[in-house]
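Where a number appears in this text, it was derived from the coordinates with a stated rule and is not lab data. Remember, it's a predicted structure, so these values are computed and weren't measured experimentally. Cβ placement follows ideal geometry from the backbone for every residue including glycine, while neighbour counts extend to all protein chains displayed.
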Ligand code: ADP
Ligand code: MG
Ligand code: MG
C-alpha cells in the first residue's frame with residue numbers, strides 16, 4: 001500500500017529526514033517512536049503534502065502511484081488521512097459544517113456526488129457509534145475551547161467519516177488522560193480493518209497498550225534505526241532511546 005524508499009526531506013533549509021525507508025501493507029498498524037525532534041511529525045507532514053516540506057531524494061509510492069507529485073487534496077482523495085499533533089481551532093466555523101465541507105471535498109475530488117445536510121446528518125449519526133461526540137461538540141466552532149481529549153476524539157470522528165485507506169496519527173495520545181486515551185484508542189480500533197492501514201506516531205509506549213501495533217519502528221536522526229514487533233515498544237520503555245543508539249543496528 002505504502003512504500004517509502006530512501007526518503008530525504010528538508011524543512012527551512014535543514015535536512016531532517018535522511019534516508020527513511022518503510023513499507024506498510026494493507027491492514028497493518030505501524031507504530032513510529034523516537035526522541036523529540038527525530039523527524040516523526042516531519043514524516044507525517046511530508047506524506048500529507050504540507051507546504052514547506054521539501055523532498056530532496058527518495059520516493060513514496062501509495063498503491064503504486066507517486067504520492068509526492070499529488071496535491072494535498074489529491075492525496076486525501078486517494079485515501080491518505082493525517083491527524084495532526086496539534087489540531088487547529090477555527091473560530092466561527094461550525095464543526096458539523098466543517099466536517100461536511102471536508103467530506104464533500106473528498107467526494108468531489110473522487111467524482112462522487114456531494115451529500116446535502118440531511119444526508120450528511122444521517123451519516124454523522126451512524127459514525128457517532130464509532131466515536132462518541134456530544135451534540136454540543138458538533139455544534140460548536142471547530143476545536144474552539146475543546147479539551148485535549150475532545151480535539152483528539154473530534155479528529156478520530158473526522159477519520160471515521162472520511163474512511164481513509166491509510167491514516168497517520170501524530171501523537172494522538174499527547175495530553176490525554178487515561179480515560180480519553182482509551183476512548184481514542186477504541187475509536188481507532190473500531191476502524192481497523194484488513195484494508196485499512198495506520199501509522200501511529202507516539203512518544204510513549206502507553207498508547208500501544210490499547211492500539212497494539214503489528215510493527216514498531218524507532219526513528220532517530222531522520223532514519224528508521226530499529227524495527228521489531230510490539231515487544232520493541234516495551235524494551236524502549238524500559239531502556240530508553242539511548243539503548244537503541246548503543247545496541248540498535250541502523251536499518252537499510
Ligand atoms: P518530532 O515530531 O520527531 O518531535 P519534528 O519532525 O517535529 O520532530 O522535527 C524534527 C526537526 O525539524 C526539529 O529539529 C524541528 O525543529 C525541525 N522542524 C520541523 N518542522 C519545522 C518547521 N516548520 N520549521 C523549522 N524547523 C522545523
Ligand atoms: Mg515532538
Ligand atoms: Mg512531532
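Residues in region 10-28 that are more than 13 Å from ligand 3 (Cβ to nearest atom), touching a residue at least 40 places away in the same chain (Cβ under 8 Å) and more than 21 Å from residue 241 (Cβ to Cβ): 10, 12, 24, 25, 26, 27, 28. If you check 77, 83 for being within 14 Å of ligand 1 (Cβ to nearest atom), in contact with a helix residue (DSSP H, G or I) (Cβ under 8 Å, 6 or more places away or on another chain) and over 26 Å from residue 243 (Cα atoms), only one passes: 83. The residues in region 72-119 that are without any contact (Cβ under 8 Å) to a residue 40 or more places away in the chain, part of a helix (DSSP H, G or I) and within 24 Å of the chain's Cα centre (by Cα) can be counted, and the count is 13.
For every residue, the table says whether it meets (1) within 16 Å of ligand 2 (Cβ to nearest atom); (2) within 30 Å of residue 238 (Cβ to Cβ); (3) surrounded by 22 or more Cβ atoms within 10 Å (Cβ to Cβ).
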site: 8; (1), (2), (3): no, no, no
site: 17; (1), (2), (3): yes, yes, yes
site: 21; (1), (2), (3): no, yes, no
site: 25; (1), (2), (3): no, yes, no
site: 33; (1), (2), (3): yes, yes, yes
site: 39; (1), (2), (3): yes, yes, yes
site: 72; (1), (2), (3): no, no, no
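Within region 42-61, is there a residue that is at negative phi, part of a loop (DSSP other than H, G, I, E, B), in contact with a helix residue (DSSP H, G or I) (Cβ under 9 Å, 6 or more places away or on another chain) and within 16 Å of ligand 3 (Cβ to nearest atom)? Looking for residues that are at negative phi, part of a loop (DSSP other than H, G, I, E, B), in contact with a helix residue (DSSP H, G or I) (Cβ under 9 Å, 6 or more places away or on another chain) and within 16 Å of ligand 3 (Cβ to nearest atom), one finds at least one in region 42-61, hence yes.
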